[in-house]
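The values are calculated or read from the model by the stated rules, or taken from the named source; none is laboratory data. These figures come from a predicted structure and were not determined experimentally. Heads up, the Cβs are rebuilt from the backbone with ideal geometry, glycines too, and the neighbour counts pull from every protein chain shown. When the accessible area is computed, the model is the full protein with side chains, heavy atoms only, and any ligands, DNA or RNA have been set aside. Shrake-Rupley method; radii C 1.70, N 1.55, O 1.52, S 1.80 Å.
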Amino acid sequence: QVQLVESGGGLVQPGGSLKLSCVASGGIFSTSTMAWYRQAPGKQRELVAAISRLASTNYADSVRGRFTISRDNAKNTVYLQMNSLKPEDKAVYYCNTFITGTTYWGQGTQVTVSS
């Protein structure tokens, strides 16, 4: 059974930084595309960034240039470095992967950007 566990969320002032981590277990992490999604109150869940098994990356327009997704296959971990945070980045951030026809989600970690 694949499990994804996020950490690293919290409260940060506008312009600040946070680094989210997602540790995966139970699957073939190194061959899987990993992604970060977020969901703000009253809004649909949206893709923030994704990284393929070969480390090619894809970003939402709203975060490109500010966020960086990376992975450490030896640690079964995917990261999301978030810089220059804005109030509109406030959301619950979820780790995601898709393995053999099944989508997996973590429990989410709250990110709040406020002065």
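Tell me, yes or no, whether the stretch 72-79 has at least one residue that is at pLDDT 95 or above, of a type outside the set (Phe, Trp, Tyr) and within 12 Å of CYS95 (Cα to Cα). For the stretch 72-79, residues at pLDDT 95 or above, of a type outside the set (Phe, Trp, Tyr) and within 12 Å of CYS95 (Cα to Cα): present.
Restricting GLU6, GLU46 to residues that are under 16 Å from THR97 (Cα atoms) and under 10 Å from the mean Cα position of the chain (by Cα) narrows the list to GLU6. Selection of the stretch 58-89 for residues being in a helix (DSSP H, G or I) and farther than 18 Å from ARG45 by Cα yields ASN73, ALA74, LYS75.
Residues in the stretch 1-36 that are hydroxyl-bearing (Ser, Thr, Tyr) and open to solvent by 30 Å² or more (accessible area, probe 1.4 Å): SER7, SER17, SER25, SER30, THR31, THR33.
Checking each residue in the stretch 57-115 for being open to solvent by less than 50 Å² (accessible area, probe 1.4 Å), under 13 Å from ALA24 (Cβ atoms) and without any contact (Cβ under 8 Å) to a residue 60 or more places away in the chain picks out ARG71, ASP72, THR77, VAL78. Filtering the stretch 16-35 to residues that are in a strand (DSSP E or B) and either of a type outside the set (S, T, N, Q) or over 14 Å from the mean Cα position of the chain (by Cα) (or both) leaves LEU18, LYS19, LEU20, CYS22, VAL23, ALA24, SER25, MET34, ALA35.
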